[in-house]
1. Taking the condition of being in a loop (DSSP other than H, G, I, E, B) and hydrophobic (A, V, I, L, M, F, W, C), how many residues in the stretch 17-37 meet it?
2. What number of residues within the stretch 70-121 satisfy the criterion of being in a loop (DSSP other than H, G, I, E, B) and at pLDDT 90 or above?
3. Name the pairs whose Cβ atoms lie under 8 Å apart, with the first residue in the stretch 110-123 and assigned by TED's automatic domain parsing to the domain that holds Glu172 and surrounded by fewer than 10 Cβ atoms within 10 Å (Cβ to Cβ), the second part of a loop (DSSP other than H, G, I, E, B) and among the charged types (D, E, K, R), and 6 or more positions between them or separate chains?
4. Assess whether Asp301 counts as being assigned by TED's automatic domain parsing to the domain that holds Thr22 and at negative phi.
5. So Leu214 clears everything in (1) in a helix (DSSP H, G or I); (2) closer than 20 Å to Thr18 by Cβ except one condition, right? Which one?
6. Quick one: count up the residues across the stretch 144-161 that are at pLDDT below 95 and under 30 Å from Ile183 (Cα atoms).
7. So Gln131 ticks every box in (1) within 21 Å of the chain's Cα centre (by Cα); (2) surrounded by 19 or more Cβ atoms within 10 Å (Cβ to Cβ); (3) in a loop (DSSP other than H, G, I, E, B) but one. Which box is left unticked?
8. Is one or more of the residues making up the stretch 219-234 over 19 Å from Phe93 (Cβ atoms) and crowded, with 22+ Cβ neighbours inside 10 Å?
Amino acid sequence: MYRLIKLEGKARRGEFVTPHGTIQTPAFMNVATCGAIKGAVSALDLKELKCQVQLCNTYHLHLRPGDEIVKKLGGLQKFTRWDGPILTDSGGFQVFSLAKLRNITEEGVTFASHIDGHKIFMGPEQSMQIQSNLGSTIAMAFDECVKNPAEYDYAKASCERTIRWLYRSKKEMDRLNALPDTINKKQMLFGINQGSTYEDLRIDCMKRIRELDLDGYAIGGLAVGESAEEMYRVIEAVEPEMPADKPRYLMGVGTPTNILEAVRRGVDLFDCVMPTRNARHGHAFTWEGCRNMLNAKYELDELPLDPQCDCPTCRNFSRAYIHHLFKSGEMLAMRLCVMHNIYFYNTLLEKIREALDAGNFESFFARYVKVLGQRI
């Protein structure tokens with residue numbers, strides 16, 4: 001259940017009640033693809049890093065260790081030791097990212113495993129079955145994510161198929177939630193809005209999928225080749241058609257600037273590998289912009305990554321030490337930087353919520369929208 005607490009322009013302050021806890025929104029969901037954050041960060045660390053939601057990958061967990069094994073071990077919460085809400089994506093993004101390894105039909109998608117090449121079939125029913133075995137809080141409907149720019153006719157046909165797949169996803173989830181051995185019988189379902197960068201397709205898709213009265217709605221198929229301006233335009237077109245009493249999730253986005261811009265346009269939930277992926281390559285997000293810790297200028301710098309940050313990394317270690325760890329190829333460099341970036345993103349969303357509570361989001365937006373995007 002979603003409760004809208006406050007509005008400032010289009011920006012929304014809310015609470016999303018789930019079977020595994022209440023999410024304060026807007027919120028960032030931390031990406032634990034295979035049940036762990038890349039960079040040697042565990043579920044126990046996430047508590048200290050202000051994480052509210054862990055996001056896991058259906059396709060990858062289906063391959064390793066196998067969703068049946070996760071079910072036998074009690075589901076993702078018990079398996080990973082994360083006791084808060086977990087969102088699982090549907091495998092639909094792999095329809096996009098594994099384009100050279102798949103074949104799409106009305107029934108579903110046949111993949112060649114990126115690990116050993118063996119054939120995998122996944123349609124709406126299989127995706128729901130896997131996510132049910134994983135026992136996640138929120139399951140995403142199976143969809144096709146189309147690369148931008150896309151031909152109009154292909155985008156339209158793909159969008160129509162995604163809507164048909166959504167109906168099948170819902171039917172299968174209803175069946176699974178009624179079974180006696182289902183781990184999470186209150187598993188929630190989010191539908192996904194598609195339509196590439198074509199406003200008419202996006203609006204039509206949103207009007208049709210909202211009829212199903214799902215637990216939440218996502219805008220998918222963005223941040224996959226189009227410009228930031230095109231992404232914002234699509235959000236603005238879709239937002240008026242999204243139910244006001246349901247959470248809105250912008251999939252795979254993004255930079256701190258993207259998040260500020262999308263919150264301003266009415267989005268509640270975000271996820272992205274950027275904070276962790278960039279951290280593993282030495283890029284630290286700070287309140288002054290992004291720092292590259294491989295730069296020689298940090299060799300003798302005794303300041304923390306960000307003097308305004310009180311994360312475990314900034315409380316205890318210097319830029320000089322982290323620079324040395326990266327130069328030495330030490331795994332600790334990645335762990336410390338990943339922990340900092342996760343904390344920074346979750347703190348950014350916390351400060352956005354505080355600004356909305358206080359009625360000064362617009363001034364917060366104006367202060368940080370350019371600063372957070374710059375390279376130091």
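1. Summing the residues that are in a loop (DSSP other than H, G, I, E, B) and hydrophobic (A, V, I, L, M, F, W, C) in the stretch 17-37 gives 3.
2. Filtering the stretch 70-121 for residues in a loop (DSSP other than H, G, I, E, B) gives 73-75, 81-85, 89-91, 98, 105-108, 113-118.
Cutting the leftovers down to at pLDDT 90 or above gives us 73-75, 81-85, 89, 105-108.
Residues flagged as in a loop (DSSP other than H, G, I, E, B) and at pLDDT 90 or above within the stretch 70-121 amount to 13.
3. Every condition considered, the pairs that remain are Ile115/Arg64.
4. no
5. (1)
6. Of the residues in that region, 2 qualify.
7. (3)
8. no
The values are calculated or read from the model by the stated rules, or taken from the named source; none is laboratory data. Note that the coordinates shown come from a computational prediction; the quantities given were computed from them, not determined experimentally. Positions of Cβ are backbone-derived with ideal geometry, glycine not excepted, and every protein chain shown enters the neighbour counts.
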